[in-house]
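One structure is given here, and the rest of the page talks about it.
All of the numbers you see were taken from the coordinates with simple rules; none came from a lab. No experiment lies behind these values; they were computed from the predicted model shown. When we count neighbours, we look across all protein chains shown, and the Cβ atoms used for this are built from the backbone with ideal geometry, even at glycine.
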């Protein structure tokens, strides 16, 4: 694939809701094979940024591109090639696991045998094997989240947009999710995900710190640590501290 | 447009309903309950109204008036020797009316006929009437007038009724087509509304929106699902109508089905456009009475539109069920083809086109604001 430079790219993209700037001029580019983490507190603009990249929201200024296609205008050209996991555990609660996956497979034009095959693989991967015929509303929160991730992975997309995929999970399960992400990544998937768990930033290839709609730092976790250490004058290892130091170092405190 | 994606949406909607046994039961039982409940309780046919009949004249003529009254299913006639205090009979003995034919009624009656209108002397019947229930009172008035009019050879006039549709049409006969439209509209609108709102709340809508599914495919998927459900519901109404009430079906049942399905399409559109006004399921519930009440009260389902006050009548013509009732009654009772009831057909078609167009526009807005 050489028709694009970045899998996910934004160029000074902004989204205003009336007077409120949810995203305020963010430029970033994520290369093939990266895991990029958008890190920041709730309400920082992570979801809006992801929605613009997925084509669900139109930028009020600037551009958002997915696999080289301007979003949302050209979303039809790349819709088969990316998977999206919304922040809500977006599955049909009154359908079984099998039926949820069947539906999402069918709308992506997958054949029934292929859906059945992928369902087996994913349930195995997500440790949901025994629950094939269980309704989604009878699953635990973690199981539902795993099903939601499976729905995004079903059609084997090359790019993944995951909005807070680990929110509300216990630490052990979060580690498991990250194992999945790394496994997906090593099979060539590019992943952009958002999280407000700052320690998860350390597990990304690259991290964007986002606050009040602005990208206040962008780089590998180690580079961000080094930058924070330089500012504070001592060795910073905790991503939480790194984030606080970099936030305070903003001339306007991150405020536009 | 790809049929496999439409099919996926249809299949999914039907599966969701299939899993919710309460909704499923409601959908299937509602037509049955509506038919039986309304069919019996709301037939409009009044019966067992107690009337005291006092014949002080005692001629053949007054005897045939009594016979006529007794033949009327609405009345339960008790002949009395005398009634000195008719009001007491009403208040204490529970009669709805006292009919007293005074002495010399018959001779005055015939004299009046022989001499024409110029005479002042006229046969008079005394009617003491409890008007606390206007419907019963008017039934008594009409029944008495009929009984006096229809006296055969001895009477003043003879009314010969020619039944336009070959048989006498009862309330239930014209009610069945209305209930068909009503249950189909109620179920299709409410379930579509809930289903789309739920998709928004749960976030599955965003997921579908970024997938290859087009807006048209999404709507058509819903339309096909509820079209099938409408077909099943119409079948239930017709089956109960035919077996329990022996309703009159003069026209082509196929047309009735097609028009009901068409009405379901408009109802899906209505549900979808209402879904854009609700952010949560509890907000959606607010719309149920908004759909239900005008349809029941203003559509001409229970009583004719002519019975609705003139001031409100224009609203009747904004209620989609009004047109469905006209159309389905024309087909089933009158035995017409749909185009022979152009107002009804046009109303239903406008309903379909309008709601689907608006629904399609608001779906775009529901997904975010993109595309």
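Each 10 Å bin from zero up to the one holding the largest Cα-Cα distance in the stretch B:157-231 carries the following percent of pairs: 15, 30, 21, 13, 10, 7, 3, 1.
What the Cα convex hull of the stretch A:112-256 gives, in volume per residue, is 124 Å³. Any idea how far apart residue A:199 and residue A:220 come out in nm if each label point goes 7 Å out from Cα toward Cβ? Inter-label distance under the simple model: 2.3 nm.
Cα-based values for the protein assembly as shown, radius of gyration first and Dmax second, are 36.3, 127 Å.
The Stokes-Einstein estimate for chain A, based on a Kirkwood radius over Cα pairs and taken at 25 °C with 0.890 mPa s viscosity, is a diffusion coefficient of 130 µm²/s. The percentage of C-alpha pairs in the stretch B:213-347 whose separation is greater than 27 Å is 26%. If the Kirkwood radius is taken over C-alpha pairs of the stretch A:27-97, then at 25 °C and 0.890 mPa s the Stokes-Einstein diffusion coefficient equals 177 µm²/s.
Enclosing the Cα atoms of the stretch B:1-107 in their convex hull gives a volume equal to 183 cubic angstrom per residue.
For a quick check: sort B:1, A:71 by the number of other beta carbons within 10 angstrom, fewest at the front. Spell out each step's value before the answer.
Numbers: B:1 8, A:71 27.
In increasing order of surrounding Cβ atoms, one gets B:1, A:71.
Against the empirical 2.2 N^0.38 Å scaling, what ratio does the C-alpha Rg of the stretch B:247-320 come to?
On the way: Rg = 15.3 Å, N = 74, 2.2 N^0.38 = 11.3 Å.
Dividing the Cα Rg of the stretch B:247-320 by 2.2 N^0.38 Å gives 1.36.
Legend: calculated FRET efficiency, residue B:163 to residue B:215, from the Cβ-Cβ distance at R0 = 51 Å, rounded to 0.05, equals 0.55. Principal axis extents of the C-alpha atoms in the stretch B:45-101 (largest first, rounded to whole Å): 32, 31, 10. At an R0 of 60 angstrom, the distance between the Cβ atoms of residue B:149 and residue B:285 translates into a FRET efficiency of 0.70. Going from the fewest other Cβ atoms within 10 Å to the most, the residues B:95, B:40, A:108 appear in the order B:40, A:108, B:95. The ranking of B:189, B:78, B:62 by Cβ neighbour count inside 10 Å, starting from the fewest, reads B:78, B:62, B:189.
Please report, in cubic angstrom per residue, the volume enclosed by the convex hull of the alpha-carbon atoms of the stretch A:120-176. Don't skip to the end; give the middle numbers.
On the way: hull volume 5.3 nm³, N = 57.
Once divided by residue count, the hull of the stretch A:120-176 is 93 Å³.
For chain A, relative contact order (Cα pairs under 8 Å, six or more residues apart, normalised by length) works out to 24 percent. Extension gain for residue B:111 to residue B:243 (0.36 nm times residue separation, less C-alpha to C-alpha distance): 42.3 nm.
Would you calculate a helix-derived [θ] at 222 nm for the protein assembly as shown, using -39,500 (n - 2.57) for each DSSP H run of n ≥ 4 and dividing by the full residue count, to the nearest 500?
Numbers: 23 runs with 325 residues, N = 627.
Calculated mean residue ellipticity at 222 nm is -17000 deg cm²/dmol.
What share of Cα pairs, in percent, lie more than 22 angstrom apart in the stretch B:211-291?
Details: 1398 of 3240 pairs.
Tail of P(r) above 22 Å: 43 percent of Cα pairs.
Plainly put, the stretch B:324-369 has a radius of gyration that is 1.28 times its Kirkwood radius, both from alpha-carbon atoms, as the Rg/Rh ratio.
Measuring max minus min along each principal axis, the C-alpha atoms of the stretch A:38-162 give extents of 47, 34, 23 Å (largest first). Rg/Rh for chain B stands at 1.15; both radii use Cα atoms, and Rh follows the Kirkwood definition.
Pairs of Cα atoms under 8 Å, at least six residues apart: use those to get the relative contact order of chain B, whole percent. Display every interim value, and only then the final one.
Working: 505 pairs, mean separation 69.3, N = 371.
It rounds to 19 percent for chain B.
The mean number of partner chain beta-carbon atoms within 10 angstrom of a residue's beta-carbon across peptide A:51-62 is 3. Roughly what angle does helix B:342-366 make with the longest principal axis of chain B, taking Cα atoms, 0 to 90 degrees, to the nearest 10? Here the helix axis deviates by roughly 30 degrees. Principal-axis analysis of the Cα atoms of chain A puts helix A:97-107 at an angle of about 80° to the longest axis.
State the extension gain, in nm to one decimal, for the chain segment bounded by residue B:14 and residue B:1, taking 0.36 nm per residue of separation less the distance between their alpha-carbons.
Numbers: separation 13, 0.36 × 13 = 4.68 nm, distance 2.05 nm.
Residue separation times 0.36 nm, minus the Cα-Cα distance, leaves 2.6 nm.
Measuring nothing but how far apart in sequence close Cα pairs (under 8 Å, 6+ apart) lie, relative to its length, the stretch A:34-133 scores a relative contact order of 15 percent. The share of alpha-carbon pairs in the stretch B:271-371 lying farther apart than 20 Å comes to 51%.
Compute the long axis of helix A:239-248 from its Cα atoms, compare it with the longest principal axis of the Cα atoms of chain A, and write down the angle in degrees, 0 to 90, nearest 10. The answer is roughly 40 degrees. For the segment B:198-204, counting C-beta atoms of other chains within 10 Å of every residue's C-beta and taking the mean gives 6. Shielding value for A:83-96 is 6, the average number of Cβ atoms from other chains within 10 Å of each residue's Cβ.
Inter-label distance, residue A:74 to residue B:312: 5.9 nm, where each label sits 7 Å from its Cα along the C-beta direction.
With viscosity set to 0.890 mPa s and temperature to 25 °C, compute the Stokes-Einstein D of the stretch A:143-222, Rh being the Kirkwood radius across alpha carbon pairs; µm²/s, no decimals. Estimated via Stokes-Einstein, D reaches 183 µm²/s. Here the peptides B:314-324, A:81-91 are ranked by packing, the mean other Cβ count within 10 Å, and the order with the highest first is A:81-91, B:314-324. Between the C-alpha center of the stretch A:97-129 and that of the stretch A:140-161 there is a gap of 11 Å.
Take the Cα of residue B:142, step 7 Å toward its Cβ, do the same at residue A:229, and the gap between the two points is 9.7 nm.
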